[in-house]
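K.L.:
Could you have a look at this structure, given as structure tokens, before my questions?
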Amino acid sequence: QVQLVESGGGLVQAGGSLRLACAASGRTVSSYTVGWFRQAPWKERAFVAAINWSGRSTLYADSVKARFTISRDNAKNMVYLQMNSLKPEDTAVYYCAASPFSDLRSLSMNGYDYWGQGTQVTVSS
């Protein structure tokens, strides 16, 4: 029903910026909550940010708050993650995921039904 493809990852120096994009397809994709998650080597996959269907509500992990910004453009079927002031600890594979539920704070990772394949972000010191 929903297909997601991430792009925009790459190599960046500490303090730099990257903009990740999640291209979504599917008939009702604009009604889905979209979240970003990341998984670093030897660590569990962790929540980064989420945005509801309208873009009015957003939620961020404390570790990225004030540095990352999630946004969406439903007309283009795109969700973005602007990452500023990157730190080496931000190095991870970043995934976007879609959920049919709208309560961002109540969502767990299991509430996201559709996942992209990930894009690598590497931040050098």
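K.L.:
Return yes when Ser57 is closer than 24 Å to Val123 by Cα and either open to solvent by 20 Å² or more (accessible area, probe 1.4 Å) or hydroxyl-bearing (Ser, Thr, Tyr) (or both) and no when it is not.
P.N.:
No; evaluated as a whole, the condition is false for this residue.
K.L.:
Now for a different question. Under 7 Å by Cβ, and 6 or more places apart or on different chains, what pairs join a residue from the stretch 102-125 that is more than 22 Å from Ser25 (Cβ to Cβ) with one that is part of a loop (DSSP other than H, G, I, E, B) and among the hydrophobic types (A, V, I, L, M, F, W, C)?
P.N.:
Val123/Ala14; Val123/Leu86; Ser124/Ala14; Ser125/Ala14
K.L.:
A further question follows. Quick check on my filter: what residues within the stretch 35-57 are modelled with pLDDT under 95, in contact with a strand residue (DSSP E or B) (Cβ under 6 Å, 6 or more places away or on another chain) and hydrophobic (A, V, I, L, M, F, W, C)?
P.N.:
None; the set is empty.
K.L.:
When you scan the stretch 32-77 for strands (runs of 3 or more DSSP E) that lie fully inside it, which ones turn up with 2 or more residues that are of a type in the set (A, V, I, L, M, F, W, C)?
P.N.:
Numbers: elements: 33-39, 46-51, 58-60, 68-73.
Correct list: 33-39, 46-51, 68-73.
K.L.:
Of the residues in the stretch 21-47, how many are touching a Pro at 6+ places or on another chain (Cβ under 8 Å) and open to solvent by 30 Å² or more (accessible area, probe 1.4 Å)? Before the answer, list the steps.
P.N.:
Taking the stretch 21-47 as the starting set, the residues that turn out to be touching a Pro at 6+ places or on another chain (Cβ under 8 Å) are 31-33.
Those still in the list that are open to solvent by 30 Å² or more (accessible area, probe 1.4 Å) too: 31.
Qualifying residue count, the stretch 21-47: 1.
K.L.:
Here is a follow-up. Mind listing whichever residues of the stretch 88-100 are in a loop (DSSP other than H, G, I, E, B) and out of contact with any strand residue (DSSP E or B) (no Cβ under 6 Å at 6 or more places or on another chain)?
P.N.:
Passing the criteria: only Pro100.
K.L.:
Looking at the stretch 8-20, which of its residues are under 11 Å from the mean Cα position of the chain (by Cα) and either surrounded by fewer than 17 Cβ atoms within 10 Å (Cβ to Cβ) or β-branched (Val, Ile, Thr) (or both)? Explain how you work it out, then say what you get.
P.N.:
Keep residues of the stretch 8-20 that are under 11 Å from the mean Cα position of the chain (by Cα), which gives 19-20.
The one that is under 11 Å from the mean Cα position of the chain (by Cα) and either surrounded by fewer than 17 Cβ atoms within 10 Å (Cβ to Cβ) or β-branched (Val, Ile, Thr) (or both): Arg19.
The values are calculated or read from the model by the stated rules, or taken from the named source; none is laboratory data. This structure is a prediction, so every number in the text was calculated from the model and none was measured. All Cβ positions, even for glycine, are placed from backbone atoms using ideal geometry, and neighbour counts span all protein chains on display. Accessible surface areas use protein heavy atoms only, side chains included; no ligands, DNA or RNA. Shrake-Rupley method; radii C 1.70, N 1.55, O 1.52, S 1.80 Å.
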